[in-house]
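In what follows, a single structure is set out as structure tokens and then discussed.
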Amino acid sequence: MRVEKRHKLQLYYEILVAIEGKISEGGYLAAKPTHVQQSTRLSYDKMISHVHELEKMGMIVYRGNFHQGLISITQKGKTFVQQYGELVTLIESAGL
């Protein structure tokens, strides 16, 4: 069975949703890298690569090192999640 390859924007969306859906002990939206990896079903190396890209774009903030840190979503990342979700809904409603 062949699995369809996910587009980079879809991967970004899935990573951001995984972070947004997790609340850390401090009460803010944050996730451990392993949680994001498991939620997105990506290899750890690929997930870290995408996390670096999202951080450069200002959509997430990484606190700590990559083995014990937390990833939190920024307002720019939240806006992306909302707009991407709306776009997917629009495309699905059009039957494309």
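The values are calculated or read from the model by the stated rules, or taken from the named source; none is laboratory data. Given the structure is predicted, the values throughout are model-derived calculations rather than measurements. When we count neighbours, we look across all protein chains shown, and the Cβ atoms used for this are built from the backbone with ideal geometry, even at glycine.
Scanning region 58-82 for residues that are modelled with pLDDT of 90 or more, part of a loop (DSSP other than H, G, I, E, B) and surrounded by fewer than 13 Cβ atoms within 10 Å (Cβ to Cβ) yields a count of 1.
Among the residues of region 83-96, write down those that are part of a helix (DSSP H, G or I) and hydrophobic (A, V, I, L, M, F, W, C).
L87, V88, L90, I91, A94
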